[in-house]
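Report on one structure; see the data block that follows.
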Amino acid sequence: GTTNPAWSGGTLTVLSQYMFGLSPEEPAWKVFAVAPDPATMHRASITVPTVAGTVGESFSVEGGRMTVTLTVPKGTTAHFYVPQKSAANALCDGRHPQVRHAPEGSRHYGRSVFDVQPGKHTIVYDL
């Protein structure tokens, strides 16, 4: 162990930013990214307290299909990023979202993105 909380907390930052793909895109988390990358994990969940409220995300992978449950705090918008090959079959709460390409120069360039408004949502897509 260590007495340096930043050292022991580094893993949590890596998990939230890379495996769950959570990161602010505007100050105060008014707009934030969700770009899950499960790697070899089949199930995981996280809650991230932000100045705008708590973001909740859980995912499961089964048969090449990803199911994500996402809680977006009131007054914020999530940009949900999926692989471009998955964009055509992505569903948010059972409906096809309005998908666009991630902007050039973006950390998520090469992916597709759609907006998710406040509330609890289920997002499903093929990997």
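The values are calculated or read from the model by the stated rules, or taken from the named source; none is laboratory data. In this text, all values refer to a predicted model and were calculated from it rather than measured experimentally. Reconstructed Cβ throughout: ideal geometry from the backbone, glycine too, with neighbour counts over all protein chains shown. Quick note on the areas: whole protein, heavy atoms, side chains included, nothing else; ligands and nucleic acids left out. Shrake-Rupley method; radii C 1.70, N 1.55, O 1.52, S 1.80 Å.
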- request: All but one of (1) touching a residue at least 12 places away in the same chain (Cβ under 8 Å); (2) surrounded by 12 or more Cβ atoms within 10 Å (Cβ to Cβ) hold for His96, so report the exception by its number.
  value: (1)
- prompt: So, in the range 26-46, of the ones that are open to solvent by 90 Å² or more (accessible area, probe 1.4 Å) and outside any strand (DSSP E or B), which residue ends up nearest to Tyr109 (Cα to Cα)?
  reply: Glu26
message: Condition first: within 13 Å of the chain's Cα centre (by Cα) and open to solvent by 10 Å² or more (accessible area, probe 1.4 Å). Now tell me which residues in the range 61-72 satisfy that.
response: Thr67, Thr69, Thr71
- request: Take the range 14-23 and flag every residue that is open to solvent by less than 70 Å² (accessible area, probe 1.4 Å) and under 14 Å from Arg107 (Cα atoms).
  value: Gln17, Gly21, Leu22, Ser23
- request: Answer yes if at least one residue in the range 99-119 is exposed (fewer than 14 other Cβ atoms within 10 Å of the Cβ), among the basic types (Lys, Arg), free of Cβ contacts under 8 Å to residues at least 60 places away in the same chain and outside any strand (DSSP E or B), and no otherwise.
  value: no
message: For the range 47-60, give me each residue that is open to solvent by less than 50 Å² (accessible area, probe 1.4 Å), at pLDDT 95 or above and not polar (S, T, N, Q).
response: Ala52, Gly53, Val55, Gly56, Glu57, Phe59
- prompt: Out of all the residues in the range 75-88, is one or more open to solvent by 10 Å² or more (accessible area, probe 1.4 Å), assigned to a loop (DSSP other than H, G, I, E, B), polar (S, T, N, Q) and modelled with pLDDT of 95 or more?
  reply: no
